[in-house]
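In what follows, a single structure is set out as structure tokens and then discussed.
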Amino acid sequence: MIADAFRAKGLEAPKASVVSLPIGTHWALVATGKYLGILPASLLRSVGQSLGLVKLAIEFNIEAPPLGIVTLKKRTIGSTARLFAETARDVARNM
């Protein structure tokens, strides 16, 4: 998905020098100033400011992948989870 976004802008995707799955490691590497990171804007807004990170003036039109909510058979869903699922459905319906 990231490589496609670069290609859509007529650019070759940069070669990854480090790949990190834990988000904390990702943040720590980017915060050193020696690495670039590609993350959702929501994460940059929520955590990036406390680490002194700034968004570069580059816009990629990346479509978010579909999301789903699953439950286990024969399990009762809690009231908080039920409210979350209902709210998520309402938000998605209005998009």
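List of remarks:
- In the stretch 39-82, the residues that are more than 20 Å from the chain's Cα centre (by Cα) and surrounded by 11 or more Cβ atoms within 10 Å (Cβ to Cβ): T71, I77, A81, R82
- Listed conditions (1) of a type in the set (F, W, Y); (2) part of a helix (DSSP H, G or I); (3) under 16 Å from the mean Cα position of the chain (by Cα) are all met by F6, apart from (3).
- If the condition is being β-branched (V, I, T) and either farther than 19 Å from K55 by Cα or modelled with pLDDT under 85 (or both), then the stretch 1-29 contributes I2, V18, V19, I23.
- Residue match in the stretch 12-32 (condition: part of a helix (DSSP H, G or I), free of Cβ contacts under 8 Å to residues at least 12 places away in the same chain and within 14 Å of the chain's Cα centre (by Cα)): yes
- Restricting the stretch 55-95 to residues that are of a type in the set (V, I, T) and modelled with pLDDT of 80 or more, the residue that is farthest from I2 (Cα to Cα): T76
The values are calculated or read from the model by the stated rules, or taken from the named source; none is laboratory data. Note that the coordinates shown come from a computational prediction; the quantities given were computed from them, not determined experimentally. With ideal geometry, Cβ positions are generated from the backbone for all residues, glycine too; neighbour counts draw on all protein chains shown.
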